[in-house]
Every structure is written in C-alpha cells, then in structure tokens.
Amino acid sequence: MISVAEARARILSAFSALPAETVALPDALGRVLAEAVVARLTQPPFQATAMDGWAVRAADIDDADATTPITLRRIGEASAGHAFAGTVGSGETVRIFTGAPLPAGADAVVMQEDTEADGDTVRIRRAVPAGRFVRPAGLDFSAGDELLTKGRLITARDVALAACANVPWLRVHRRPRVAVLATGDEIALPGEPLGPSQIVSSNALGLCALVATQGGIAHNLGIARDNAESLAAMAAGAAGCDLLVTTGGASQGDYDLVHGVLGDRGLSLDFYTIAMKPGKAVMFGRVGGVPLLGLPGNPVPTGIGAILFLKPILRVLQGLPPDEATRTAKLGAPLKPNDAREDYMRATLTVGEDGDPVATPFPRQDSAMVSRLAQADCLILRPPHAPAAEAGETVTIIPLSGGVLSL
C-alpha cells in the first residue's frame with residue numbers, strides 16, 4: 001500500500017490543463033480563464049454625475065448658502081443616455097440625472113435637495129467644490145487594463161465585470177469529460193425492480209453529480225455486470241473522455257473484475273491499494289489511452305475517494321490548483337488512537353462559544369452509511385498512528401463544500 005500523499009502525487013502528475021476554447025460570456029460562469037480578460041473600453045467613458053441635481057460651475061456658487069442663495073439660469077437637461085449638447089457658461093446650470101454625462105463647462109453637481117427651481121430660474125442654497133458628485137472618466141477602469149487574471153474561476157460578479165468591459169467572448173479551459181461506470185450484479189438503478197439480493201446503485205449518480213459541481217461533464221455509462229464481456233463492452237464507452245472512473249470491482253475478490261478484465265485490454269496500472277480508511281481499494285492507471293481511477297464499491301469510500309482524488313483531478317484539468325486549503329477546528333468529541341491507515345472521519349461543523357469552529361465526528365463511522373456522508377459538513381483528517389485525542393484539541397478538517405458556482 002502507498003500513502004494518500006503519494007497516491008495523490010502520482011495521480012495528479014498524469015494530468016495537466018486542458019486546451020482553451022472560446023465561449024460566449026453568458027456561458028462562462030463556472031469556467032476557468034485560459035487568458036486574462038482585458039478591458040476594451042474605459043469605464044465610465046466620460047465624466048458622469050453620481051446624483052440627481054444641477055450641473056454647475058463651482059466658482060459661480062462659492063458664496064451660496066441657505067440664507068443667501070445664488071440664482072442661476074437653467075439652459076437645458078441631461079439624463080442617462082442623453083447628453084446636453086451645449087456648454088454651461090457663467091451664471092448657467094443644467095438639470096442633470098444620475099449617470100448622465102457632465103455637460104461641458106460644468107465641474108460640479110449640486111444635489112436637488114439643496115436647490116429650488118422656478119421655471120428657468122434655479123436658486124442654489126449650498127456651495128460645492130469642483131468635482132463634487134462627479135465620477136471622472138476611468139474611475140472604475142481604463143481600456144487595456146487587465147481585469148481578470150488567467151486561471152481565475154469565473155463567478156457571477158466576474159461575468160458582470162467582463163460585460164462592463166465590453167468583452168463578449170472569453171477564452172476558457174475546456175470542461176473535462178468524465179465517464180463513470182458502476183459495476184456489480186448486486187446493484188440496480190433507482191426505481192428499477194430489485195431482486196432479493198440487490199441494492200440501489202448510488203455511486204454513479206453521486207459521482208456524476210460531483211463532476212458537475214466541479215465544472216466537468218459526466219457521462220454515466222451505466223452498470224457493468226460481473227462478467228468480462230459486460231465490463232469490457234461498457235468500459236469502451238469511455239473512449240474520447242479525459243478520465244474513466246469505475247466504482248466497485250477494484251478489490252481482489254472472485255467477482256472484482258476491473259483489474260483483470262481491463263488488464264487483458266491494455267490496462268497499465270500504477271497502483272491499486274492506498275493506506276487510508278475508508279477506501280483502501282483505490283486503483284489508478286490508464287486503459288486505451290484514457291486515465292482510469294478505480295474507486296471502491298461501498299458508497300462512503302467512493303465519496304471520500306472522489307473528494308480526495310477525483311475533485312483535484314478535475315481542478316487540474318481546468319487549470320486550477322489541485323486543492324483548496326485544509327482548515328483546522330476544535331474537536332467536539334474524544335477520539336481513540338488511529339491505526340496505520342490515514343483516516344477520514346465524517347463530522348458536523350458548528351461554531352463554539354468562543355467563535356471557533358468545532359468538528360464533531362459521528363459516533364458510528366460505517367463505510368456503508370450514506371446518510372452520514374450526506375449530513376457531514378467536513379472530514380476530520382487523522383494521520384496514521386495518531387494518538388487518542390480529547391475534545392477541544394485542534395484537528396485538521398476538509399470542508400465538504402465549494403464548487404464552480406461560487407458567487
């Protein structure tokens with residue numbers, strides 16, 4: 001058996017960022033930039049007012065106050081999308097609305113609350129300095145500015161920024177295509193009639209869902225039965241994909257066929273056991289030119305293996321760092337000493353009275369309990385041979401959240 005760290009290093013060394021493609025801006029959410037986004041215009045492109053009010057020459061109203069207002073003559077109006085074509089001269093003003101270009105000759109805006117209009121006469125009751133309530137051209141950014149860097153995961157806010165910069169197309173890494181193949185006579189699809197010795201297949205659907213949350217495109221190949229012909233035929237459906245993920249059949253039992261059957265069809269195996277629990281039976285290799293990640297048949301080891309290995313593969317294929325950082329939390333319940341395998345314990349995450357996060361492992365950590373994995377907020381990572389731990393001690397956790405749809 002090899003360690004989790006060595007397995008991850010060997011797996012990730014086999015992958016690199018996929019080629020770039022051009023997509024329309026509305027389709028870029030959740031994609032990773034292969035090229036930086038550069039502004040195609042200056043924003044705002046002109047001096048604009050930040051308030052409804054009156055565009056003035058600040059020097060004309062230096063002495064204005066509530067008791068001695070300054071009277072100006074109205075010569076026009078400016079609104080968003082409709083600039084005033086003339087020039088504001090001495091003693092003149094233009095009615096202006098938020099977002100409108102500041103008229104030539106004016107250098108400030110007086111809020112409408114500080115004025116009183118009567119026909120073409122406007123009394124200004126407060127002096128303002130030059131530049132008051134005026135947004136200069138380029139306040140936000142200028143043409144040629146790099147706004148979004150290469151390697152950035154595009155959020156909804158980024159889509160809005162690119163739109164402001166008049167960028168209708170983005171260069172992003174291609175989405176990974178992942179084939180998912182469940183194996184075993186004992187499983188049936190949800191909703192199908194179950195035989196007396198069968199259970200419902202959950203692994204493939206969960207893996208496909210994880211692939212989608214991480215920006216990939218999942219192809220569910222279905223369920224291969226426990227015979228060589230079925231497994232070989234269905235695994236062939238992974239041709240053209242960036243990764244084949246199998247679930248079940250990766251151990252050494254009489255009906256664990258993935259290694260043997262695919263070995264006869266050119267499987268080059270890197271490793272097939274990892275010193276971790278749950279989920280020792282994890283294999284990695286390549287078959288027919290497609291990388292293969294073989295995960296266990298039990299649903300919890302499959303889910304944890306996907307978090308530890310499949311998720312970072314998908315990130316690397318999209319040009320992202322392989323992992324988000326682990327965190328620390330206080331332990332919410334005592335733990336027994338760990339054995340020789342790295343342990344990933346399902347746990348809830350709450351906030352303690354001191355404001356620190358508290359990770360509390362479920363009392364039972366059975367590898368078939370899908371409900372506990374679904375209810376978990378994090379995994380508590382326990383190194384091999386970790387000593388017993390008391391409640392309140394600091395532990396390393398892996399949060400079970402985060403995906404391509406970050407705001």
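The values are calculated or read from the model by the stated rules, or taken from the named source; none is laboratory data. None of the values given here were measured: they were computed from a predicted structure. Cβ: placed from backbone, ideal geometry, glycine included. Neighbour counts: every protein chain shown.
Go through (1) of a type outside the set (Asp, Glu); (2) at pLDDT 95 or above; (3) surrounded by 21 or more Cβ atoms within 10 Å (Cβ to Cβ) and name the single condition residue 283 misses.
(2)
Checking residue 9 against (1) buried (at least 20 other Cβ atoms within 10 Å of the Cβ); (2) out of contact with any Phe, Trp or Tyr (no Cβ under 8 Å at 6 or more places or on another chain); (3) in the same structural domain as residue 310 (by TED's automatic domain parsing), only one condition comes out false. Which one?
Going through (1) buried (at least 20 other Cβ atoms within 10 Å of the Cβ); (2) out of contact with any Phe, Trp or Tyr (no Cβ under 8 Å at 6 or more places or on another chain); (3) in the same structural domain as residue 310 (by TED's automatic domain parsing) one by one, residue 9 breaks only (1).
Specify which of the listed residues (35, 21) is assigned to a strand (DSSP E or B) and under 28 Å from the mean Cα position of the chain (by Cα).
Only one candidate qualifies: 21.
Residues in segment 46-59: is at least one part of a loop (DSSP other than H, G, I, E, B), closer than 30 Å to residue 109 by Cα, in contact with a Pro (Cβ under 9 Å, 6 or more places away or on another chain) and not small (Gly, Ala, Ser)? Before you say what the answer is, go through the steps one by one.
Going residue by residue through segment 46-59, those that are part of a loop (DSSP other than H, G, I, E, B) are 46-47, 50-52, 57.
Checking which are closer than 30 Å to residue 109 by Cα leaves us with 46-47, 50-52, 57.
Restricting the remaining residues to those that are in contact with a Pro (Cβ under 9 Å, 6 or more places away or on another chain) gives 46-47.
Going one step further and asking which of them are not small (Gly, Ala, Ser), we end up with 46-47.
So far as segment 46-59 goes, yes, one or more of its residues are part of a loop (DSSP other than H, G, I, E, B), closer than 30 Å to residue 109 by Cα, in contact with a Pro (Cβ under 9 Å, 6 or more places away or on another chain) and not small (Gly, Ala, Ser).
Within segment 96-145, how many residues turn out to be in contact (Cβ under 8 Å) with a residue 24 or more places away in the chain and part of a strand (DSSP E or B)?
Counting residues in segment 96-145 that are in contact (Cβ under 8 Å) with a residue 24 or more places away in the chain and part of a strand (DSSP E or B) gives 16.
Can you tell me which residue among 77, 146 is surrounded by fewer than 14 Cβ atoms within 10 Å (Cβ to Cβ) and modelled with pLDDT of 95 or more?
Numbers: 77 fails: surrounded by fewer than 14 Cβ atoms within 10 Å (Cβ to Cβ).
None of the other options fit; the residue is 146.
Exactly one condition in (1) surrounded by fewer than 17 Cβ atoms within 10 Å (Cβ to Cβ); (2) within 29 Å of the chain's Cα centre (by Cα); (3) small (Gly, Ala, Ser) is not met by residue 376; state its number.
Result: residue 376 passes all but (1).
Within the bounds of segment 306-326, is there any residue that is touching a Pro at 6+ places or on another chain (Cβ under 6 Å) and surrounded by fewer than 20 Cβ atoms within 10 Å (Cβ to Cβ)?
Residues of segment 306-326 that are touching a Pro at 6+ places or on another chain (Cβ under 6 Å), as a first pass: 312, 314-317, 322-323.
Applying the additional criterion that residues be surrounded by fewer than 20 Cβ atoms within 10 Å (Cβ to Cβ) yields 322-323.
Yes, segment 306-326 has at least one match.
Using the structure shown, decide if residue 119 is at pLDDT below 95, surrounded by fewer than 19 Cβ atoms within 10 Å (Cβ to Cβ) and on the phi > 0 side of the Ramachandran plot. It would help to see each step written out before you state the result.
On the way: at pLDDT below 95: yes; surrounded by fewer than 19 Cβ atoms within 10 Å (Cβ to Cβ): yes; on the phi > 0 side of the Ramachandran plot: yes.
It is true that residue 119 is at pLDDT below 95, surrounded by fewer than 19 Cβ atoms within 10 Å (Cβ to Cβ) and on the phi > 0 side of the Ramachandran plot.
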